[in-house]
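In what follows, a structure is listed as structure tokens, so that the remarks can point back to it.
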Amino acid sequence: MSRLGNLGARLYRGEVGYDFIRNRKIWYGVSILITITAIVAVAVGGLNMGIEFKGGAVFTTDTKAKISTARATEVATDASGHMAIVQELGNGGLRIQITEVDTAKANEIKETLSDELGIPAQEINADLVGPSWGEQIANKAWTGLAVFMVLVVIYLAIAFEWRMAVAALIALIHDLTITVGVYALVGFEVTPGTVIGLLTILGYSLYDTVVVFDSLKEGQKDITKQTRFTYSEIANRSINSTLVRSINTTVVALLPVAGLLFIGGGVLGAGMLNDISLSLFVGLAAGAYSSIFIATPLVADLKEREPQMKALKKRVLAKRAAAAARGESPENDGPESRSDETTESAETAGAVVGQRQQPRGHGRTPGKR
């Protein structure tokens, strides 16, 4: 078995682990800081909305222009009074995108481009885009987002419990906010592709969260009939048991998206890939983070407020204190303890990755019978 596979097996069995729940205030603080930064970026800098949302004109040429894309950008910007986006097409032609221009202005820009590019005006295709189309796309996206959120809450409340539904909803909003904030910071154009990417990442984020929740649901069965683990410790075991799986699925999903963003959009200059690839890349990373550091710790916080869980925690801590006073390790609770936990110590849930579990004795002094 590979080293990573062996670590995953040990994490699943609870032999090693990292205490995500105990350090949850750190993760909350990091998330709050990032979220505030994203909100400020959107409020101050705003989003660079594409032509589909602002309206404007798109000019394309089928023949190779006699000037560079940088010069074409300068000419189109000066002629329109708005920042132009120029992309070189595979056939050597240009695609020039200018927002917020009407028909009369578009004709003037077309004549100017014809003179500067050295291309007859009839060989430059001009397409006007109205802002109403982008508004329809945005409204449909908001509707789809609202329906998705409602269905997610209903499903999780039925399949799991309302606390997990609330935690998952907060995690999804967290992921969307961070992704939108990154767009505001880097200034990438927001297009219908961006909207599609934002809706796509919701499914990835929810998948990772549900995997952990399913493990937690299985681990909390008959939780009040034992006195070895608190709810937070069981939640921590659930995160650790699915940790390698979450990392693997996230890395596999990020690799092709990174290829689109950094190679396709960056190296090859296919700027049209940036709108959807950036939202997918940031959203996938944020979704993996929120499922581990936000969603499950939030569930543990909400669950620990229940009287039953408070009473369980008191019993667990009292038993450990009594065992420590006697210089012993807490014994198993008896028949009601789960069979896969009969050889684990109570401290397993909070063990640090790489720390080997110590074998438990049988209550006899070594060398005596």
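The values are calculated or read from the model by the stated rules, or taken from the named source; none is laboratory data. Please read these numbers as outputs of a predicted model, since none were measured by experiment. Positions of Cβ are backbone-derived with ideal geometry, glycine not excepted, and every protein chain shown enters the neighbour counts. Ligands, DNA and RNA are excluded from the accessible area calculation, which covers all protein heavy atoms including side chains. Shrake-Rupley method; radii C 1.70, N 1.55, O 1.52, S 1.80 Å.
Scanning for something under 30 Å from ALA38 (Cα atoms), at pLDDT 90 or above and surrounded by 16 or more Cβ atoms within 10 Å (Cβ to Cβ), does region 303-317 turn up at least one residue? Yes, that holds for at least one residue. Within region 177-199, residues that are at positive phi sit with their Cβ atoms under 6 Å from residues that are outside any helix (DSSP H, G or I), at 6+ positions apart or across chains, in these pairs: GLY187/ASN48. Of the residues that make up region 228-235, is at least one at pLDDT 85 or above and either surrounded by fewer than 17 Cβ atoms within 10 Å (Cβ to Cβ) or of a type in the set (S, T, N, Q) (or both)? Checking region 228-235: at least one residue is at pLDDT 85 or above and either surrounded by fewer than 17 Cβ atoms within 10 Å (Cβ to Cβ) or of a type in the set (S, T, N, Q) (or both).
In region 82-110, the qualifying residues are those that are within 14 Å of ALA57 (Cα to Cα) and out of contact with any strand residue (DSSP E or B) (no Cβ under 9 Å at 6 or more places or on another chain), and the one that is surrounded by the most Cβ atoms within 10 Å (Cβ to Cβ) is GLU108. Scanning region 170-192 for residues that are in a helix (DSSP H, G or I) and among the hydroxyl-bearing types (Ser, Thr, Tyr) turns up THR177, THR179, TYR183.
Residues in region 211-251 that are among the basic types (Lys, Arg), within 15 Å of LEU156 (Cβ to Cβ) and under 20 Å from the mean Cα position of the chain (by Cα): none. Checking GLY46 against (1) on the phi > 0 side of the Ramachandran plot; (2) among the small types (Gly, Ala, Ser); (3) open to solvent by 50 Å² or more (accessible area, probe 1.4 Å), only one condition comes out false. Which one? The single condition GLY46 does not satisfy is (3). Within this structure, VAL58 passes the test of being surrounded by 15 or more Cβ atoms within 10 Å (Cβ to Cβ), within 30 Å of GLU88 (Cβ to Cβ) and modelled with pLDDT under 90.
Would you be able to tell me the number of residues in region 177-210 that are among the aliphatic types (A, V, I, L, M), open to solvent by less than 20 Å² (accessible area, probe 1.4 Å) and either under 20 Å from VAL153 (Cα atoms) or within 14 Å of the chain's Cα centre (by Cα) (or both)? Qualifying residue count for the region: 2. ALA167 falls short of the stated requirement of being touching a Ser or Thr at 6+ places or on another chain (Cβ under 6 Å), part of a helix (DSSP H, G or I) and of a type in the set (Gly, Ala, Ser). Per this entry, LYS221 is counted among residues that are more than 29 Å from GLU52 (Cα to Cα), among the basic types (Lys, Arg), modelled with pLDDT of 85 or more and not in a helix (DSSP H, G or I). Residues that are crowded, with 22+ Cβ neighbours inside 10 Å and not hydrophobic (A, V, I, L, M, F, W, C) do not occur anywhere in region 244-257.
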